[in-house]
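The values are calculated or read from the model by the stated rules, or taken from the named source; none is laboratory data. Since the structure is predicted, the reported quantities are computational estimates derived from the model, not experimental observations. Using ideal geometry, Cβ is built from the backbone for each residue, glycine included, and neighbour counts are taken over all protein chains shown.
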Amino acid sequence: MAGHARRPGQQDSADEPSRRRRRPQRRIGRWIALGVSVLVLGTAAVGGWVYAHLDGNIKGADVGAALGDNRPKAAAGGQNILVIGSDSRKGLGDAYGKNLTTMQSDTLMLLHTGGDGKWATVVSFPRDSWVQIPACDRGNGTASSPHQFKINEAFALGGLGGDTAKAAACTIKTVEANTRVRIDHFLIVDFRGFTGMVNALGGVQVCPQQAIHDKKAHLDLEAGCQIVKDDKALGYVRARYSIGDGSDIGRIGRQQEFMQSLATRAKSKLYNPTALYSFLNSATKSLTTDPDLAGIKPLYGLASGVKGIATDRIAFLTVPNYPRQRDIPTDKANVTWQEPAARQLFTAINHDKETTKADLKRLTAHLPAPAGTVNITVLNGTSTSGRALTVADHLRALGFQITATGNAPSRVAKTTLTYPQSQAEQAQALAGHLPGLTPTPSIKGVTTNITLTIGPDLPAITG
């Protein structure tokens, strides 16, 4: 997986591509279900005392207090599970970068199971998503301030003190703040146990179509099918810059393909007690969940529910996005969520409504106008001093052009967004970042600029 999350203002290396290609998401939900099913069936095969031992390996982390009460409402039906791939390298030395001892997370997915049990949606979050990071307990006695950065920073930020619960809490707060979807459960898979799982099975088969020589992942593989284990297995799922388009989205697909091969290999070893025990021991030691999922039985219940859904009713999606360079020319490393498509996807989840790939394709058919082409006047129509400046700074960070700020002629009850007829597309681009706001065309000749007048209904914007 990737290294440290960088602080705002820093960029990835120059060879990071600015374009991101959307790749179809594989059947990751079924692989998770298969893996947990193998885990449960395997423990039954090797005996009750082993079941108890492995069940005790799974760690529970209570994040309720850290999340507080200011959270989104529960979905209208079904449940939401956040799956976090943790890439902590504590204790692994400098094999994959010096001094990388903080918690890292580069795999982040939201699984929503439909309330009727007949469908599910799996949404992957690119780790380079540029989002709002809320205030978090760093786990070292200090708290962070709200700011904008890539989404995978949240896990590292909360885990500065080595507390997995706080790392999970900051990630959940970040996902909830940006999606307005309430997380019911979470599951962390720690990649420190990854090589143990692979080696217990005698390795896993991969079939790269081209030779891979990736210095950052410490990987040299020839093209064609072969068995990998130890550092080669870890390097394969971490490789990014030397394969395909070098994007994180492309790496997501390769990791999912590897997990399919891992699950298939594990199933074939079901009746080999030695291999099975080593695999299950490594797997369960790698899991941390909320207290309600901290055990083989509840995890099996979750997996069984997903496994029973027809393949064509599980949608594997990626948050709609485009290169942030489109709005911020100097940022060649990150992606911006495409609005209003992303918001419509998460609204569907909150209403327990199924979204297919065809639905998402329709929602993302038209990219919004680049933020740099949108000129805005921001006026404060509230009694709160400095509100226009705060909102203007937020919009400027998104790439929008602020032409003026000031106070509205009078107080307003609701936020309004008016625009001249010639700038309808630009107004819609701005509205996409202000949920619930519908642009209104201004009277012809009254204004030549898009005007945002802030009312008390506009949510607080910081960072």
Out of I376, I450, I need the residue that is of a type outside the set (D, E), out of contact with any helix residue (DSSP H, G or I) (no Cβ under 6 Å at 6 or more places or on another chain) and crowded, with 18+ Cβ neighbours inside 10 Å. Which one? I376
So which pairs qualify, if the first residue must be in segment 401-418 and under 18 Å from L437 (Cα atoms) and crowded, with 17+ Cβ neighbours inside 10 Å, the second must be acidic (D, E) and at pLDDT below 95, the Cβ gap must be under 8 Å, and the two must be at least 6 apart or on different chains? T415/D457
Segments classed as strands (runs of 3 or more DSSP E), wholly inside segment 181-234, with at least 1 members that are within 30 Å of T289 (Cα to Cα): 185-190, 204-206, 226-228
Check on S410, in a loop (DSSP other than H, G, I, E, B) and over 28 Å from the mean Cα position of the chain (by Cα): yes
Given the conditions (1) closer than 26 Å to G455 by Cβ; (2) within 19 Å of the chain's Cα centre (by Cα); (3) surrounded by fewer than 21 Cβ atoms within 10 Å (Cβ to Cβ), which single one is not true for W337? (3)
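Conditions tested, residue by residue: (1) in contact with a strand residue (DSSP E or B) (Cβ under 6 Å, 6 or more places away or on another chain); (2) assigned by TED's automatic domain parsing to the domain that holds H351; (3) of a type in the set (S, T, N, Q); (4) surrounded by fewer than 23 Cβ atoms within 10 Å (Cβ to Cβ).
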position: D137; (1), (2), (3), (4): yes, yes, no, yes
position: G158; (1), (2), (3), (4): no, yes, no, no
position: A168; (1), (2), (3), (4): yes, yes, no, no
position: T174; (1), (2), (3), (4): yes, yes, yes, no
position: I188; (1), (2), (3), (4): yes, yes, no, no
position: G202; (1), (2), (3), (4): no, yes, no, yes
Please verify whether segment 454-461 includes one or more residues that are assigned to a loop (DSSP other than H, G, I, E, B), free of Cβ contacts under 8 Å to residues at least 40 places away in the same chain and under 22 Å from P134 (Cα atoms). yes
Pairs needed: first member in segment 60-76, in the same structural domain as I172 (by TED's automatic domain parsing); second member anywhere, of a type in the set (V, I, T) and assigned to a helix (DSSP H, G or I); C-beta distance under 6 Å; at least 6 residues apart or different chains. A61/T164
Within segment 163-190, residues touching a Pro at 6+ places or on another chain (Cβ under 7 Å) and not β-branched (V, I, T) come out as K173, E176, A177, R180, R182
Contact list please: Cβ distance under 6 Å, first residue in segment 356-376 and on the phi < 0 side of the Ramachandran plot, second residue surrounded by fewer than 18 Cβ atoms within 10 Å (Cβ to Cβ) and part of a strand (DSSP E or B), pairs at least six apart or on different chains. N375/Q401; N375/T403
So, S422, is that one loosely packed, with under 14 Cβ neighbours inside 10 Å and outside any loop (DSSP other than H, G, I, E, B) or not? yes
